Amino acid sequence: MTLEEKKTRAAFAENALKARYPDAECALAYEGDPWRLLVMGRLSAQCTDARVNIVCEDLFKKYPTVYDMAAAEYADVEKLVYSCGVYKVKAANIIDFSRLIVEKFDGRVPDNMDDLLTLPGVGRKIANLIIGDIYRRPAIVADTHCIRISNRLGLCDSKDPVKVEKSLREVVSPDGSSDFCHRLVMFGREVCTARAPRCEDCPFEAFGCKKD
């Protein structure tokens, strides 16, 4: 498939998903707070968004701001995020990057990839989430749903998140890229699931999607 053909296919996919899911919203209940989204993004690794939302009710009740978290004790945060898995690493990352944000960035979550990647535990997926949802700039969040569906649609040919991000940046409209990724998550949970995709309810069946 040529690059132009991929662009045409991506445009069709964007429009179809927008019609199906008009409201492209992040599943994490961060209430518009950049720091909270950063925390929740880190906790969501190997954990469901639903679980993260539940855990963060108590977490943010006790530590409502970046300044509160920067002064937190590791053991206390570990207890609060235990059910998210890999809790010691996640707790350490959350406290450490909160301290760095306070000390180096005056309490403000960075708005660019280079600075975001200096934060402990923050990779390109979380950085793109911040750039797209908070700062409303072009961003590709290459999570498991994005990777799986983009491969099935023939928009990329890799399971590597960085390669998928690069491929999608070449074919997806920049202005709609962040919302496109959110819609892929919704579609991946409802229709194009990993183990039992509901192909009979798929607007892309005519594409002859590649099976895993």
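Against the chain, whose longest principal axis comes from its Cα atoms, helix 177-190 is set at around 80 degrees. For residue 79, the lysines whose Cα falls under 17 Å of its own Cα, not counting residues fewer than eight places away in the same chain, are 61, 62, 88, 90. From its DSSP helices (H runs of at least four residues, each -39,500 (n - 2.57)), the chain gives a residue-normalised ellipticity at 222 nm of -17500 deg cm²/dmol.
Seen against the Cα atoms of the chain and their longest principal axis, helix 161-171 is set at about 50 degrees.
For the stretch 91-207, the per residue solvent-accessible surface stands at 44 Å², with DNA, RNA and ligands left out and a 1.4 Å probe. Sorting 84, 47 by accessible area puts them as 47, 84; the probe is 1.4 Å, largest comes first, and only protein heavy atoms count. Enclosing the Cα atoms of the stretch 34-93 in their convex hull gives a volume equal to 68 cubic angstrom per residue.
Scaled against 2.2 N^0.38 Å for its residue count N, the alpha carbon radius of gyration of the chain is 1.06. Taken one residue at a time, the phi angles of the stretch 52-59 give Karplus couplings (6.51, -1.76, 1.60, θ = phi - 60°) of 4, 4, 5, 4, 6, 4, 6, 4 Hz. Gly and Pro are set to x.
First compute the accessible area of the stretch 99-176 with a 1.4 Å probe, then give the percent of it belonging to carbon and sulfur atoms. It is 51 percent, rounded to a whole number. Residue ranges 105-117, 55-67, 147-159, 124-136 sort as 124-136, 147-159, 55-67, 105-117 when ordered by packing (mean number of other C-beta atoms within 10 Å per residue, highest first). Between residue 158 and residue 195, full extension at 0.36 nm per residue minus the direct alpha carbon distance yields a gain of 11.5 nm. Given C-alpha coordinates of the stretch 117-212, what is the ratio Rg to Rh with the Kirkwood estimate of Rh? My calculation of the ratio gives 0.98. Net length available on complete extension from residue 3 to residue 82 is 24.0 nm, with 0.36 nm assigned per residue and the Cα-Cα distance removed. Helix 34-43 against the longest principal axis of the chain: what's the angle in degrees, Cα atoms only, rounded to the nearest 10? Value to nearest ten degrees: 80. By the rule of a C-alpha distance below 17 Å, with chain neighbours fewer than 8 residues away ignored, the lysines paired with residue 163 are 6, 7, 125. Compared with the direct C-alpha span, the chain from residue 50 to residue 20 gains 8.6 nm at full extension, assuming 0.36 nm per residue.
The values are calculated or read from the model by the stated rules, or taken from the named source; none is laboratory data. This structure is a prediction, so every number in the text was calculated from the model and none was measured. When we count neighbours, we look across all protein chains shown, and the Cβ atoms used for this are built from the backbone with ideal geometry, even at glycine. Note: accessible area is taken over every heavy atom of the protein model, side chains too, but ligands, DNA and RNA are not part of it. Shrake-Rupley method; radii C 1.70, N 1.55, O 1.52, S 1.80 Å.
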